[in-house]
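Let me begin by presenting the structure, written as structure tokens, before commenting on it.
Read-outs: derived from the displayed coordinates by stated rules, not from any lab. Not measured: the values here are computed from a predicted model. Cβ atoms come from the backbone with ideal geometry, glycine included; neighbour counts cover every protein chain shown.
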Amino acid sequence: MGDSTRIDDLRRRVRQDPASIAFAQLAEEHRRAGRLQEAVHVCRAGLAHHPAYLSARVTLGRALVALGRDDEAQAELEYVLRAAPDNLLALRTLGEIQQRRRADAGGLVLAALEGWLARIVADRAVRAAGGM
């Protein structure tokens with residue numbers, strides 16, 4: 001069964017029964033196909049009926065990470081880990097968020113250091129020119 005056919009079948013099942021747990025599969029298929037906003041929408045709608053469905057929360061978290069919405073993703077993944085501390089996919093995805101934040105923080109530190117270095121070089125140039 002092709003991706004499009006599978007998605008259409010799942011979409012039809014969820015449309016016929018909005019409380020169906022098939023929403024989780026549909027959301028995951030959307031996520032895998034790169035339809036991240038659709039995955040988020042389907043997850044949120046389904047989680048309104050099944051708030052404790054942990055694999056759907058992991059799918060939601062992964063879609064949010066892919067969209068760069070790390071704070072929202074972290075909240076979903078932490079919810080999962082409170083209920084299932086050994087959920088490896090939630091742990092790995094949360095680790096990706098932390099790694100990205102460290103990289104971002106490292107970039108900020110590097111930018112700050114480069115700024116300081118530029119000021120020191122400029123100050124030394126002024127002093128060498130007899131400006132101080």
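Residue 17 to residue 5: extension gain in nm, 0.36 nm per residue of separation minus the Cα-Cα distance?
2.5 nm
When the Karplus curve 6.51 cos²θ - 1.76 cosθ + 1.60 is applied with θ = phi - 60°, which whole-Hz ³J(HN,Hα) does each residue of the range 34-46 get, with x for Gly and Pro?
Rounded to whole hertz, the list is x, 8, 5, 4, 5, 4, 4, 4, 5, 4, 4, 5, x.
What FRET efficiency do you get for residue 98 and residue 52 if R0 is 30 Å and r is their Cβ-Cβ distance, rounded to the nearest 0.05?
Efficiency at R0 = 30 Å is approximately 0.75.
Before rounding to the nearest 500, sum -39500 (n - 2.57) across all DSSP H runs of length at least 4 in the chain and divide by the residue total; then give [θ] at 222 nm in deg cm²/dmol.
-27500 deg cm²/dmol
Hey, could you get me the Stokes-Einstein D for the chain, Kirkwood radius over alpha-carbon pairs, 37 °C and 0.692 mPa s, rounded to whole µm² s⁻¹?
Rounded to a whole number, D works out at 190 µm²/s.
So what J values fall out for the range 65-77 if you push phi through Karplus, 6.51 cos²θ - 1.76 cosθ + 1.60 with θ = phi - 60°, rounded to Hz, Gly and Pro as x?
Each residue's phi maps through the Karplus curve to give 4, 4, 8, x, 9, 4, 5, 5, 4, 4, 4, 5, 5 Hz.
Quick one: 3J(HN,Hα) in Hz for the range 118-127, Karplus 6.51/-1.76/1.60 with θ = phi - 60°, rounded, Gly and Pro as x.
4, 5, 5, 4, 5, 4, 5, 5, 5, 5
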